[in-house]
Structure formats: C-alpha cells, structure tokens
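What follows is a set of notes on a single structure, which appears directly below.
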Amino acid sequence: MAVTTTQIRDLLNRPRGLNEETIAEYLTMRTQEVAKKARSASKYGITTGVEEIEKESAIKMLVATDCLRVMLDTIPSYLPDNEQRSHDIRVRAQLARFEQRADELMSAISEKGGSAFSVGKTDSRQVN
C-alpha cells in the first residue's frame, strides 16, 4: 500500500490552504529519500530489512512536516489577521512534535551506524 495525499490530509486534520499538488510532490521526494536511506536486508547479510509499514510511517511523518512548513509560510493567504497568531502557534507546536517523530522513525529504518565495514588507509610501518 502506498502513502496517499488523502492520508496526509487526514493526518493533518484536513487543513485549509494546502494544495493537493504540493502534497503529491513532497510524497514523491520523500518516498525516494526513504527508499534510499532504508536498511537493506541483503547489503551485508547482518541486518534485517525494513518492513513496508515502517517506511510508510516515516514517509507520512516527513511529508507532514513539509506540509506544516508550507502552511506556516502561507497562513496570511487564507486566514484573517486576527486568527493568524493563534493558528501560527498551534501549527508550530504541531510541527515540532511531527519533526521529532519523523527523526525517530528515520533513525529506526536507516542504515546509519549499522555498518561495521570500513575502508581506509593507515600507517603500518613500525620504527625500532
């Protein structure tokens, strides 16, 4: 099952001012990013692969954070002046929570720190 724009809208409680095309573009970019960073089950034969549901959760959180950033930038275009401040505060708080969750999910699926293989050059000659 792939992540859809409807799922992102539902996750953000169907916000005003967020275009369908914007969500679709972020979905495309973040799907590629997650696919590239996800642990591989066959790379070194020492780790298990990442389940599809874990990848989808990471994609959803990353896209949600991107959409919240867009919403912060566009608040003046769809809200009257007297509502902007309270909406801005709420969206910023939500963005902080979503960013933290996205970082946790990406750490859980990424290869970062999971590899024990290294290639380098060292001095091996010992002087008496």
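The values are calculated or read from the model by the stated rules, or taken from the named source; none is laboratory data. If you're wondering where the values come from, they're calculated on a predicted model, not measured in any experiment. Ideal geometry is used to build each Cβ from the backbone, glycine not excepted, and the neighbour counts take in all protein chains shown.
The selection criterion, being among the polar types (S, T, N, Q) and at positive phi, does not hold for ASN19.
Of all residues in the range 83-105, those that are touching a residue at least 12 places away in the same chain (Cβ under 8 Å) have Cβ atoms under 6 Å from Cβ atoms of residues that are among the polar types (S, T, N, Q) and surrounded by 11 or more Cβ atoms within 10 Å (Cβ to Cβ), 6 or more apart or on another chain, in PHE98/THR65; GLU99/THR65; ALA102/THR65; LEU105/SER57.
Residues that are surrounded by 11 or more Cβ atoms within 10 Å (Cβ to Cβ) and acidic (Asp, Glu) were ranked within the range 74-102; the one that is modelled with the highest pLDDT is GLU99. Checking LEU105, LEU62, LEU68, LEU18 one by one, the residue that is in a loop (DSSP other than H, G, I, E, B) and at pLDDT 85 or above is LEU18 and no other.
Here VAL70 fulfils each of the conditions (1) exposed (fewer than 13 other Cβ atoms within 10 Å of the Cβ); (2) touching a Gly at 6+ places or on another chain (Cβ under 9 Å); (3) not basic (Lys, Arg) apart from (1).
Considering only residues of the range 1-22 that are among the hydrophobic types (A, V, I, L, M, F, W, C) and touching a Lys or Arg at 6+ places or on another chain (Cβ under 7 Å), which is farthest from PHE98 (Cα to Cα)?
First, the residues of the range 1-22 that are among the hydrophobic types (A, V, I, L, M, F, W, C): 1-3, 8, 11-12, 18.
Next, only the ones that are touching a Lys or Arg at 6+ places or on another chain (Cβ under 7 Å) stay: 3, 8, 11.
Working: VAL3: 17, ILE8: 12, LEU11: 11 Å.
Going through the qualifying residues, I end up with VAL3.
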